[in-house]
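Shown next, in structure tokens, is the structure this report addresses.
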Amino acid sequence: MIKNAILLLILVALPLTAFAGSSVDFTNSGGTLTGSNSGLALTGSTLIAVNGFGGGLITGNNLGTLSFSTGAISSGTLQTGGTFAAGGTFNITGNGTSGIPNGVIFNGSFTGPVTWTLITLANGTHNYTLTGSLAGTWYNGMTINGATVQLTINTGKGFFNGQTTISSGDTNLTVPEPGSLTLLGTGLVGIAGVVRRKLKLG
């Protein structure tokens, strides 16, 4: 009987938690990407758009900054593409514009291998993309997850030589909605009460 009750709780909780989050999207532009076998690091990149924060799209020339560092290279090369180890840092900071928090919005790190991909265009020139999954702390203390994709400017027919500029980047974070979390908690408390009564009657 107890096993059935626990199973019921899990079956009800899982679909509810799947809908308990909303997406906040950050777009960054510019900044210097430097790299060696010890890792890649982005500094000086500016936030130019935030979508989903408070429900709407906020744009501007300077809404804050985005920076990161990866772990050391684990396969491939800086020039032809490869992967970097999880870890490092990933930080998004706002400057208080249009309701965006003034200070650290997200502080986290890469949770899995970071993919560094060489893209050769038809004219023989090159771009690189960096993609990775993230986990960290939202500005209100909640632990959240997300992912980032960063695109470099075209490096011409040469390859990455240890420094380039970011063309643009997109970071998407899944943030639990307080209302959904409250409903989830209330629902679980209600189910627990029903299970307790059934156990007493049984």
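The values are calculated or read from the model by the stated rules, or taken from the named source; none is laboratory data. Just so we're clear, the structure is a prediction, and the values are computed from it rather than from any experiment. We place every Cβ from the backbone using ideal geometry, glycine too, and count neighbours over all the protein chains shown.
Side notes on the structure shown:
- Sub-6 Å Cβ pairs linking a first residue in segment 19-35 that is under 14 Å from GLN150 (Cα atoms) to a second residue that is basic (Lys, Arg) and at pLDDT below 95, at least 6 apart or interchain, number zero.
- Close pairs from segment 54-67: first without any contact (Cβ under 8 Å) to a residue 12 or more places away in the chain, partner assigned to a strand (DSSP E or B), Cβ under 7 Å, at least 6 apart: LEU57/ALA49; LEU57/ASN51; THR59/ILE48; THR59/ALA49
- Residues located in segment 111-141, provided they are touching a Leu at 6+ places or on another chain (Cβ under 9 Å) and closer than 26 Å to ILE58 by Cβ: THR129, LEU130, LEU134, GLY136, TRP138
- Condition met for GLY158 (buried (at least 16 other Cβ atoms within 10 Å of the Cβ) and either modelled with pLDDT of 95 or more or more than 28 Å from the chain's Cα centre (by Cα) (or both)): no
- Screening VAL175 on (1) modelled with pLDDT of 95 or more; (2) surrounded by 14 or more Cβ atoms within 10 Å (Cβ to Cβ); (3) under 23 Å from the mean Cα position of the chain (by Cα) shows it passes everything except condition (1).
- Count of segment 92-125 residues which are touching a strand residue (DSSP E or B) at 6+ places or on another chain (Cβ under 6 Å) and touching a residue at least 12 places away in the same chain (Cβ under 8 Å): 23
- For segment 35-62, filtering for residues that are of a type in the set (Gly, Ala, Ser), more than 14 Å from GLY162 (Cβ to Cβ) and either modelled with pLDDT of 95 or more or surrounded by 18 or more Cβ atoms within 10 Å (Cβ to Cβ) (or both) leaves 4.
Results for (1) polar (S, T, N, Q); (2) modelled with pLDDT under 95, shown as yes or no for each residue.
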position	(1), (2)
GLY64	no, no
GLY71	no, no
SER74	yes, no
LEU78	no, no
THR83	yes, no
ALA86	no, no
ILE92	no, no
SER98	yes, yes
VAL104	no, no
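- Verdict on THR89 being under 20 Å from VAL175 (Cβ atoms), of a type in the set (Ser, Thr, Tyr), surrounded by fewer than 18 Cβ atoms within 10 Å (Cβ to Cβ) and touching a strand residue (DSSP E or B) at 6+ places or on another chain (Cβ under 9 Å): yes
- Filtered residue count, segment 18-34, keeping only those that are assigned to a strand (DSSP E or B) and either modelled with pLDDT of 95 or more or closer than 19 Å to PRO101 by Cα (or both): 11
- The set of residues from segment 129-152 being farther than 13 Å from LEU42 by Cβ, surrounded by fewer than 16 Cβ atoms within 10 Å (Cβ to Cβ) and either of a type in the set (A, V, I, L, M, F, W, C) or touching a Lys or Arg at 6+ places or on another chain (Cβ under 9 Å) (or both) comprises just one member, MET142.
- Residue in segment 49-62 that is among the β-branched types (Val, Ile, Thr) and farther than 16 Å from ASP170 by Cα present: no
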